[in-house]
Every structure is written in structure tokens, then in C-alpha cells.
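Heads up: the structure comes next, in C-alpha cells.
Please treat every number below as a calculation from the coordinates, not as lab data. Just so it is clear, the model here is predicted, and its values are computed rather than measured. Methodologically, a virtual Cβ is constructed for each residue, glycine included, from the backbone with ideal geometry; neighbour enumeration extends over all protein chains shown.
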Amino acid sequence: MKKPGLAFVFNFLLAGAGLAYLGLWLWAVIDLAATLGVAFLIVEYSPDQLGLAGTIIPVINGVLAMSIARSKNAS
């Protein structure tokens, strides 16, 4: 049984870390790569939105890991 709150914190701090905590290593790598790709696009094409994206993206990543942890615990 994995703790959803801990998965949230891990994925909030580093994209993919919460998914790795859940044992989803491939998804962790995909999450990290996607987050870095989005960050690159924001820096390249809309750098004035970097502050907002720096808040929203980690929250989305955290919620993703938390939801997956809850789903895995329910099974």
C-alpha cells in the first residue's frame, strides 16, 4: 500500500519521482521527459509565462501521482 500524499510530494518536487515511488518506472521516465519538453517549449516560445507554468506543472504532476496511488490502493 503506497501513500498518495507521499506520491504527490515526490512528483511535485521532481517530475516522475512519485511514479517511481509507485513502481511505475517507465511512466516516471515518460513523465520527466514530457515535463522537460513542456518546460523547454515554454522557455522557447513564452518565457513570460514561466512563473505560472512553474506553479501549475508541478501541481498537475503531483495530482497525477496521487490519483494513480489511490487507484492502485483501491485495487
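Miscellaneous remarks
- Convex hull volume per residue, computed on the Cα atoms of region 4-74, equals 61 Å³.
- Inter-site label distance for Lys72 and Val29 at 7 Å from Cα along Cβ, in nm: 1.7 nm
- Between 0 and 90°, nearest 10: helix 50-74 axis offset from the chain longest Cα axis: 10 degrees
- The sum of -39500 (n - 2.57) across all DSSP H runs of n ≥ 4, divided by the residue count of the chain, sets its helix-only mean residue ellipticity at 222 nm to -26500 deg cm²/dmol.
- Around Ala65: net Lys/Arg minus Asp/Glu count, Cβ-Cβ under 12 Å: +3
- Using a cutoff of 8 angstrom between alpha carbon atoms and counting only pairs six or more residues apart, the relative contact order for region 4-74 works out to 44 percent.
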